[in-house]
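Comments concern the structure below.
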């Protein structure tokens, strides 16, 4: 039993060691991430079906998306992925203040993403480039241009909601880091929030070229 | 088991992967302005796939963690591709059964009437 006593933090009695406990928690997180992938896959399928049906409309309509702002947001999200990964590493090497700084930086970048998204959305609302029956814009040739904006707002809107939930989760691990609840031996919640944040980045990596960069 | 316990990735690896992701973002934007026809989509998806792999392997630690995570995640992506491909078999071959023409949505087809 000596090896059990060496595990110094929070090993529940039904796990043989901290390693198994940590892997179990991460397996649960990965299963959750898979349900997220499947949730988005429905919308990606809608995208594929409508783009295959109306290729010209998609090409004409996507020209009204701002590639500059889309690229800016891609850079912002990739940078935030780097900062949260480095923040979790800082906990692993026991640099708490550095971790706090990096988590705050991640939150600032996430907020910047939403601000850019707000400007894009308000511009489209102003022009009437809205989903379904709310579509009043007349400058796009091709059949059913409102479908492109339905797909655009559903995909980026669901992704934007995930950014908001991600910010809440990062705030939670930030507070727990400030309260000194994590150590190089125990930081599973921070690691799982990191996984969630990377998944949100990963989904944007596909959304960006599919919506903003149609050939 | 001990080798993936608390794997600590060097800062330089994170920065290099982040740099590679930014370069690939630049490449995918640049390529989108070159007209390659249908290959624009292929190239965009290949670059996105490469970026996603970098994020998964290094940021999400799939390279160092228990291989079970990478396995189940890959299986979910396999099912997503089955989902999309089988639906496209349907929606892209409906012309073979009846003539499919996109038409503007008529007022009578709306469930909720506009104000």
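Coordinate-derived values only; no laboratory data. Everything numeric here is computed off the predicted structure, so don't read it as measured data. Cβ: placed from backbone, ideal geometry, glycine included. Neighbour counts: every protein chain shown.
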Worksheet item: Is region B:1-65 rounded, prolate or oblate when judged by the Cα gyration tensor, a ≥ b ≥ c being the square roots of its eigenvalues, rounded requiring a/c under 1.5 and prolate requiring a/b larger than b/c?
Response: oblate
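Please sort B:45-53, A:122-130, A:75-83 by packing, taking for each peptide the average over its residues of neighbouring beta carbons within 10 angstrom, highest first. The partial results should precede the final answer.
On the way: B:45-53: 17.7, A:122-130: 14.7, A:75-83: 23.2.
Listed from highest to lowest mean packing, they are A:75-83, B:45-53, A:122-130.
Would you mind calculating the relative contact order of region B:1-65 from Cα pairs under 8 angstrom and at least 6 residues apart, reporting the percent as a whole number? Intermediate values should be presented prior to the final figure.
Details: 23 pairs, mean separation 28.7, N = 65.
The value is 44 percent.
What is the mean number of Cβ atoms from other protein chains located within 10 Å of the Cβ atom of each residue in peptide B:52-63, rounded to a whole number? Don't skip to the end; give the middle numbers.
Working: counts 7, 1, 3, 8, 4, 0, 3, 13, 14, 7, 2, 0.
The shielding value for this peptide is 5.
Quickly estimate the mean residue ellipticity at 222 nm for chain B, helices only: each DSSP H run with n ≥ 4 gives -39500 (n - 2.57), and the total goes over all residues, rounded to 500. Write down the numbers at each step before the final one.
Working: 3 runs with 63 residues, N = 115.
Per the formula, -19000 deg cm²/dmol.
Give the average, rounded to an integer, of partner chain Cβ atoms located within 10 angstrom of each Cβ in A:96-103.
Details: counts 0, 0, 0, 0, 0, 0, 0, 0.
Mean partner shielding for this stretch: 0.
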Worksheet item: In Å, what Rg and Dmax follow from the Cα atoms of region A:17-212?
Response: 19.2, 64
Fill in: Approximate spin-label separation residue A:143-residue B:90, in nm, with each point projected 7 Å along Cα-to-Cβ
1.9
Fill in: Between helix B:67-91 and chain B: long-axis angle, C-alpha atoms, 0 to 90°, nearest 10
10
Discussion item. What is the angle, in °, between the Cα long axis of helix A:188-212 and the longest principal axis of the Cα atoms in chain A? Nearest 10 is fine, range 0 to 90.
Written reply: 20
Item to complete: Sort A:163, B:111, A:31 so that the residue with the fewest other Cβ atoms within 10 Å of its own Cβ comes first and the one with the most comes last.
Response: B:111, A:31, A:163
Response to the item:
By the Cα gyration tensor axes a ≥ b ≥ c (a/c under 1.5 gives rounded; else a/b larger than b/c gives prolate, otherwise oblate), the shape of the protein assembly as shown is prolate
Worksheet entry | At R0 = 35 Å, FRET efficiency that the Cβ-Cβ distance of residue A:179 and residue B:78 yields, to 0.05 | 0.30
Item to complete: Counting helices only, and only those DSSP H runs with n ≥ 4, report the 222 nm mean residue ellipticity of chain A as the sum of -39,500 (n - 2.57) divided by its residues, in deg cm²/dmol to the nearest 500.
Response: -27000 deg cm²/dmol
Worksheet item: Can you give the angle from 0 to 90° between the axis of helix B:11-32 and the longest principal axis of chain B, with both taken from C-alpha atoms, to the nearest 10?
Response: 30
Worksheet item: Over chain A, what is the mean sequence separation of C-alpha contacts under 8 Å (at least six apart), divided by residue count, expressed as relative contact order in percent?
Response: 30
Practice prompt. Quick one: compute the contact order of chain B, relative version, from alpha carbon pairs under 8 angstrom and 6+ residues apart, as a percent.
Written response: 23
Item to complete: Just tell me how shielded B:32-39 is by partners: mean number of partner chain Cβ atoms within 10 Å of each residue's Cβ, no decimals.
Response: 2
Response to the item:
Per the Cα gyration tensor, chain B corresponds to an equivalent ellipsoid with semi-axes, largest first in Å, of 41, 21, 16
